[in-house]
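K.L.:
Just passing along the structure, written as structure tokens.
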Amino acid sequence: MTKIHFSSVAEKSGIRTRKVFIYDDFKFVIFRYVTKLSVTVMFLTLEEMPHLEVTMANKTLVAYFTKGGASEEYAKIIAETLATNGHTIEISNLAHDIPDVTAFDTVVLGTGVRMFRVYRRWKKVLKQKALSSKNLFMFLSSGTAIEEPNKAVEKFLHPLLEKYNLKPKSLVSFPGKIPEKWAKLDGKKETMKPEMAEVWAQEIACQVKSK
């Protein structure tokens, strides 16, 4: 058997290892992708590789702004899920810097809500004209979304679409965290739904793949 080994590629979200084996006329690939949460191993023929390479080439930015921590938790779940689906991930806390979105194929933007407003710092990234040519997805986490997720999207995200001329492929809201002093009053301790973020990220992966 003749073996051709391609070198590993280290990434922020994990490690990709691709090895191509040739045996007589049969060629196949063992593809291994590692993240903090999982290890994905695929056996593919070389004829199947072009589709995989398109998926792996998708460079994705997951950027968020948070105060209470909910949006950060959701962003990390989304990033990990997209990574296991073959996206090359860069995750950015907008409190530290505002990244240039030009180099990315897909952009996922998330924010929290305070005093019935999305954060001003988060809106800075929305001003970038390059977003018009990206696979754009937007999410927020808020107390309103605990009971009325559609209302949260309508109230906090929809006004920004017209203002910044944005056309995201999907808008969604996730339940935020209830401040501890309020949680004691109404008896609710855990309101976040991380599984919702994972499902949404899977949907993003499917949409981008089928594009």
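K.L.:
Inspect all residues belonging to the stretch 107-114 and state whether any of them is within 25 Å of residue 199 (Cβ to Cβ), surrounded by fewer than 21 Cβ atoms within 10 Å (Cβ to Cβ) and not basic (Lys, Arg).
P.N.:
No, the conditions are met nowhere in the stretch 107-114.
K.L.:
Limited to the stretch 155-174, what total is found for residues that are touching a residue at least 40 places away in the same chain (Cβ under 8 Å) and on the phi > 0 side of the Ramachandran plot?
P.N.:
0
K.L.:
Scan the stretch 131-144 and give yes if some residue there is hydrophobic (A, V, I, L, M, F, W, C), assigned by TED's automatic domain parsing to the domain that holds residue 100, in a helix (DSSP H, G or I) and over 18 Å from the mean Cα position of the chain (by Cα), otherwise no.
P.N.:
Within the stretch 131-144, none of the residues are hydrophobic (A, V, I, L, M, F, W, C), assigned by TED's automatic domain parsing to the domain that holds residue 100, in a helix (DSSP H, G or I) and over 18 Å from the mean Cα position of the chain (by Cα).
K.L.:
Residues that are at pLDDT 90 or above and under 21 Å from residue 171 (Cα atoms): list the strands (runs of 3 or more DSSP E) wholly contained in the stretch 39-122 that include at least 3 such residues.
P.N.:
Strands (runs of 3 or more DSSP E) meeting the threshold: 59-65, 88-93, 106-114.
K.L.:
Still on this structure, please answer the following. Do we find that residue 81 is in contact (Cβ under 8 Å) with a residue 60 or more places away in the chain, β-branched (Val, Ile, Thr) and in the same structural domain as residue 154 (by TED's automatic domain parsing) in this structure?
P.N.:
yes
The values are calculated or read from the model by the stated rules, or taken from the named source; none is laboratory data. Nothing here was measured: the structure is a model prediction, and the numbers come from that model. Here the Cβ is made from the backbone with ideal geometry for all residues, glycine too, and neighbour counts use every protein chain on show.
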